[in-house]
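Here the structure comes first, spelled out in structure tokens, and everything after it is commentary.
Bear in mind that the values in this text are calculations on the coordinates, not laboratory data. These figures come from a predicted structure and were not determined experimentally. All Cβ positions, glycine included, derive from the backbone under ideal geometry; neighbour counts span all protein chains shown.
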Amino acid sequence: MAGNYGMSFAAKMIEQGKYAEAVEEASRAVGRDDEDPTPLVERASAYAWLERYPEAVTDLEAALALDQAAGVLEIDVVDDAYFSALLGVAKVEAASSLEAAAKTLARYGTVLPTGRHLADAAAWPDRLRSVSAGT
């Protein structure tokens with residue numbers, strides 16, 4: 001098992017491309033320890049691979065809130081995952097409501113006011129409008 005030492009079972013499932021199983025295992029881990037944000041991040045990662053972006057956003061927001069006390073997450077990694085999940089939601093929403101998509105992207109600055117993707121979150125609504133106008 002070299003290279004997997006210390007890796008959670010959910011993380012191993014993600015690495016193997018077994019995303020539904022990873023969601024189940026991470027959910028069990030969340031139930032065992034509701035103060036550790038790590039299983040929420042793992043479940044969010046699996047949700048993102050399954051393109052279940054709203055669930056990924058919810059888990060990442062909960063993980064970030066828990067990490068205020070725990071301080072165990074690699075914030076840059078979670079920051080990237082959070083922006084990516086929000087963008088996934090916004091792209092789907094843009095098909096029916098550019099306003100909803102812009103509102104979703106605005107959540108980024110509320111949750112991570114010093115995040116690495118503030119400029120991206122501000123720029124994407126215009127990109128989505130351009131794509132929408134071109135179709």
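Per-structure values
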| quantity | calculated |
| --- | --- |
| 222 nm mean residue ellipticity, helices alone, for the chain (DSSP H n ≥ 4; -39,500 (n - 2.57); rounded to 500) | -24500 deg cm²/dmol |
| Ranked list, fewest to most other Cβ atoms within 10 Å of each Cβ, for 42, 24 | 24, 42 |
| For the range 1-109, convex hull volume per residue from C-alpha positions, Å³ | 100 |
| Percent RCO, i.e. relative contact order, over the range 10-73, from Cα pairs under 8 Å lying at least 6 residues apart | 32 |
| Sequence-separation-based contact order of the chain, relative, with Cα cut under 8 Å and 6+ spacing, percent | 16 |
| Selected from 108, 90, 17, residue furthest toward positive end of dipole (the chain; charges at beta carbon) | 90 |
| Residue order, fewest to most beta carbons within 10 Å, for 50, 40, 66 | 50, 66, 40 |
| Positive minus negative residues near residue 13 (Lys, Arg vs Asp, Glu; Cβ under 12 Å) | -1 |
| Extension gain, residue 118 back to residue 49 (0.36 nm per residue minus Cα-Cα distance, nm) | 22.5 nm |
| Burial ranking of peptide ranges 25-37, 100-112 (average Cβ count within 10 Å, highest at the top) | 100-112, 25-37 |
